[in-house]
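Since the structure comes first, as structure tokens, the remarks are kept for the end.
The values are calculated or read from the model by the stated rules, or taken from the named source; none is laboratory data. The structure displayed is predicted, hence computed values, not measured ones. Every residue, glycine as well, gets a Cβ built from its backbone with ideal geometry; the counts of neighbours run over all protein chains shown. With ligands, DNA and RNA removed, areas are computed over all heavy atoms of the protein, side chains included. Shrake-Rupley method; radii C 1.70, N 1.55, O 1.52, S 1.80 Å.
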Amino acid sequence: MNFIGTFWSLVPSILAIALALITKEVYSSLFCGVILGAALYAISMGTGFDGFITHLLNDTPTTPTQGEAQSYGMIHCLADPWNVGILLFLVILGTMVALMNKAGGSTAFGTWAIKHIRSKVSAQIATVLLGILLFIDDYFNCLTVGSVMRPITVRYGVTREKLAYLIDSTAAPVCIIAPISSWAAAVSGFVSDDENGLALFCSAIPFNFYAFFSIIFMLGVILLGFDFKSMSKYDAKLAEWYASMGGMEKVRDAKLEVVEMGVGAEKAPRGHVSDLVVPITLLITLCVLGMIYSGGYFLPTSQHHMDFIGAFGASDASVGLVIGSLAALLLSIAWYCVRRVLTFDDAMSCLIKGFEAMVPAIIILALAWTLKSMTDALDATTYVASIVSHSAAGLQMLLPAIIFVIAAFLAFATGTSWGTFGILIPICIAVFAVGDPLRIISISACMAGAVCGDHVSPISDTTIMASAGAQCKHLHHVSSQLPYVVSVAIISCASYIIAGLTHDYGTTISALTAWTFGLTAMAIVFAIMKTKSPSQSEAA
């Protein structure tokens with residue numbers, strides 16, 4: 001019985017999705033999809049149990065089904081140079097976060113910021129700006145912004161629920177539109193080897209409506225000074241806390257130490273603002289240099305030298321990010337040791353903490369990569385492409401919006417964007433040919449929908465970390481930010497319909513039309529909020 005190139009080639013992914021929806025647990029769901037994929041392939045090839053085990057772990061078929069020979073299985077996926085590079089980058093990133101926390105850089109920055117922020121609006125804007133600055137990784141973002149900004153926002157009347165919303169609405173949306181981030185590297189890894197994944201990611205950025213609209217909507221709420229009732233009801237509780245402390249003015253004037261207000265970050269005796277700023281600056285700068293280095297920017301003219309833009313587009317994200325982050329890690333350790341903020345033994349202990357922090361992401365990536373290799377072996381992409389190519393043109397125009405909704409629902413149910421990427425992005429790539437504007441729009445819709453679902457999911461790691469960073473009750477955070485997420489999601493979905501309908505005019509016209517519609521719709525929502533929500537006066 002042959003399952004290759006048939007509907008059965010999609011069943012492993014369908015099973016993974018169904019189990020994730022039922023169990024709300026992504027690890028076992030992805031693994032079951034992998035098992036089923038290996039079983040279907042072994043049955044199709046008639047290799048029996050031995051063939052099943054071989055294909056599950058590491059298989060190079062003697063009679064390849066997709067042209068040239070390929071390797072499949074978990075060992076192959078974990079040994080793939082690109083994938084290993086991404087995993088190394090995640091571990092190094094986790095180590096950098098642990099180093100900055102242990103050195104007291106986050107605590108020192110919080111103490112410094114308290115002296116320079118003077119209003120409720122500026123406290124919220126500072127939170128958003130810090131979140132945008134830390135675009136390398138959402139874990140890094142949540143862990144750092146929460147510990148730094150919590151004592152500052154409390155002093156100026158920002159509820160913990162509002163702070164959690166600001167953290168959560170900045171972390172993943174910023175990472176998914178930043179070419180130099182762990183998210184960009186992960187998304188690029190799900191693109192086929194014969195196409196530059198990073199270049200495709202960059203071309204999809206203008207159509208990532210949910211990410212951009214989330215940030216714009218959040219800034220509008222801050223500057224206009226009103227909220228949905230689900231959020232504003234927590235202001236009364238904060239007012240009670242101020243009363244118990246003797247009033248807001250007393251709280252502001254008090255010379256409270258950061259640790260006394262519950263930051264929970266480690267405070268080193270010699271910790272300074274530079275212990276946060278210098279490593280972050282090194283990380284961003286050196287990752288950029290590593291990317292263009294891998295793209296040939298530093299090669300002589302006689303050896304295929306590329307300009308900056310060309311080198312960035314031709315770069316190997318896996319190699320470039322590892323080069324940059326490893327260099328930043330070594331220089332950061334030297335920085336801390338020279339300043340005697342940390343001993344060398346303390347710095348080395350952060351390696352274990354960094355690895356532990358990234359274990360969930362590593363497991364998801366490993367299983368998602370393996371599931372992708374199983375569906376590749378079953379030739380699922382060819383089957384999907386043949387089905388969609390025979391569908392009506394009108395349906396194809398609506399596919400970006402449909403993909404957005406599916407990705408949002410899947411990410412909401414599983415609590416992970418990366419698992420959603422691994423399931424849907426290969427299908428999106430198979431649906432449209434290279435050069436088709438709908439290809440770019442659909443991939444953007446997949447990324448945006450995954451971030452949207454992850455944003456509001458109560459089992460999402462970033463949602464949980466945002467709650468922990470703001471030290472508010474998790475369910476309070478989930479329920480209070482729901483109206484904001486739903487509002488932006490509806491606007492984004494409608495924008496994808498507009499983009500799909502106008503794609504024949506080219507990506508530029510399509511993007512401008514959808515952006516115009518989205519911003520107009522957002523202005524209407526703000527007008528409605530202003531009439532129905534009580535204005536929240538800013539504490540001067």
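Observations
- Within segment 337-364, residues that are closer than 24 Å to residue 20 by Cβ and in contact (Cβ under 8 Å) with a residue 24 or more places away in the chain have Cβ atoms under 7 Å from residues that are open to solvent by 70 Å² or more (accessible area, probe 1.4 Å) and part of a helix (DSSP H, G or I) in these pairs: 363/27, counting only partners at least 6 apart in sequence or on another chain.
- For segment 411-431, filtered to residues that are without any contact (Cβ under 8 Å) to a residue 40 or more places away in the chain and over 12 Å from the mean Cα position of the chain (by Cα), the residue that is most open to solvent (accessible area, probe 1.4 Å) is 424.
- Filtering 7, 52 for residues that are at pLDDT 80 or above, of a type outside the set (Asp, Glu) and surrounded by fewer than 17 Cβ atoms within 10 Å (Cβ to Cβ) leaves a single hit, 7.
- Residue match in segment 443-460 (condition: out of contact with any Lys or Arg (no Cβ under 8 Å at 6 or more places or on another chain), under 12 Å from residue 169 (Cβ atoms) and polar (S, T, N, Q)): no
- Any hit, segment 494-514, residues being modelled with pLDDT under 85, small (Gly, Ala, Ser) and in contact with a helix residue (DSSP H, G or I) (Cβ under 9 Å, 6 or more places away or on another chain): yes
- Scan of segment 118-136 for residues that are crowded, with 19+ Cβ neighbours inside 10 Å and modelled with pLDDT under 80, ordered by number: 134, 135, 136
- Some residue of segment 141-152 being among the basic types (Lys, Arg) and either modelled with pLDDT under 80 or over 20 Å from residue 274 (Cβ atoms) (or both): yes
- Residue check for residue 107: modelled with pLDDT under 80, under 26 Å from the mean Cα position of the chain (by Cα) and either in a helix (DSSP H, G or I) or surrounded by fewer than 21 Cβ atoms within 10 Å (Cβ to Cβ) (or both): yes
- Of residues in segment 357-379 being part of a helix (DSSP H, G or I) and of a type outside the set (A, V, I, L, M), the one surrounded by the fewest Cβ atoms within 10 Å (Cβ to Cβ): 360
- The listed residue being open to solvent by 20 Å² or more (accessible area, probe 1.4 Å), over 25 Å from residue 211 (Cβ atoms) and at pLDDT below 85, out of 386, 349: 386
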